[in-house]
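As structure tokens, the structure follows; a few thoughts come after it.
The values are calculated or read from the model by the stated rules, or taken from the named source; none is laboratory data. Just so it is clear, the model here is predicted, and its values are computed rather than measured. Because the Cβ atoms are built from the backbone with ideal geometry, glycine has one as well, and the counts that use them run over all protein chains shown.
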Amino acid sequence: MATSTFNCLECIGYCCAIYERVKVTQKDIRRLAKHFQISAAEARERFTKVWSPREQVLRRTPDPIFGESCIFQDPAKRLCSIYEARPETCRQWPSHGGGGCVYYDVLKFEEHQQGGRDFLPIVTFIQLPATPSNAEKNHGK
Ligand code: SF4
Ligand code: SF4
């Protein structure tokens, strides 16, 4: 599917809201610590949580559109409040898109269909009952 060039400044920040799992490494935690001028231990405690024994992810916070979002997404501006200090996962996003972003395409498509932003398309995930084929899959950003 062809994708258009995306513009995060025109988006509602799907990628920061819909993924429960935004992985952070030790390097990411040190970058956050430097940004907030706190220790790495404090940054880890305040901004991240355990996802699995081997993985730490960003904490989440209530969000007026999606119900929940990344702790660093500005709920009004819909942008990252720590852009220069964001984790590597976010720096690479949307590397899958071939120059585009599928969520931006959905937003623009519905803007056109609905004649504006009175209605927004909300994208989310639900977990299906475990089967052999989906048990190992996840929805990491
Ligand atoms: S969903 Fe796409 S267009 Fe929207 S903020 Fe994220 S990367 Fe940008
Ligand atoms: S750190 Fe910033 S870019 Fe990454 S998910 Fe959170 S708000 Fe989005």
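Numerical summary
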item	result
Segment 87-116, subset in contact (Cβ under 8 Å) with a residue 40 or more places away in the chain, within 18 Å of Leu9 (Cβ to Cβ) and within 12 Å of ligand 2 (Cβ to nearest atom), residue surrounded by the most Cβ atoms within 10 Å (Cβ to Cβ)	Cys90
Scan of segment 28-52 for residues that are small (Gly, Ala, Ser) and not in a helix (DSSP H, G or I), ordered by number	Ser39, Ser52
Matching residues in segment 9-42 - criterion: being touching a residue at least 24 places away in the same chain (Cβ under 8 Å), away from ligand 2 (no atom under 14 Å from the Cβ) and either surrounded by 14 or more Cβ atoms within 10 Å (Cβ to Cβ) or acidic (Asp, Glu) (or both)	Glu10
Segment 53-65 - residue that is closer than 15 Å to Arg21 by Cα, touching a residue at least 24 places away in the same chain (Cβ under 8 Å) and not charged (D, E, K, R) and, of those, surrounded by the fewest Cβ atoms within 10 Å (Cβ to Cβ)	Gln56
Out of Glu68, Glu84, sole residue that is within 21 Å of Arg30 (Cβ to Cβ), acidic (Asp, Glu) and modelled with pLDDT of 95 or more	Glu84
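Residues are listed down the side, and each one gets a yes or a no for (1) within 21 Å of Gln127 (Cβ to Cβ); (2) in contact with a strand residue (DSSP E or B) (Cβ under 8 Å, 6 or more places away or on another chain):
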{"position": "Thr5", "(1), (2)": "no, yes"}
{"position": "Gly13", "(1), (2)": "no, yes"}
{"position": "Ala17", "(1), (2)": "yes, yes"}
{"position": "Asp28", "(1), (2)": "no, no"}
{"position": "Gln37", "(1), (2)": "no, no"}
{"position": "Glu42", "(1), (2)": "no, no"}
{"position": "Lys49", "(1), (2)": "yes, yes"}
{"position": "Ser69", "(1), (2)": "yes, yes"}
{"position": "Ile82", "(1), (2)": "no, no"}
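Every residue, every condition in (1) within 11 Å of ligand 1 (Cβ to nearest atom); (2) within 20 Å of His35 (Cα to Cα), yes or no:
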| position | (1), (2) |
| --- | --- |
| Arg60 | no, yes |
| Gly67 | no, no |
| Glu88 | no, yes |
| Asp105 | yes, no |
| Glu110 | no, no |
| Gly115 | no, no |
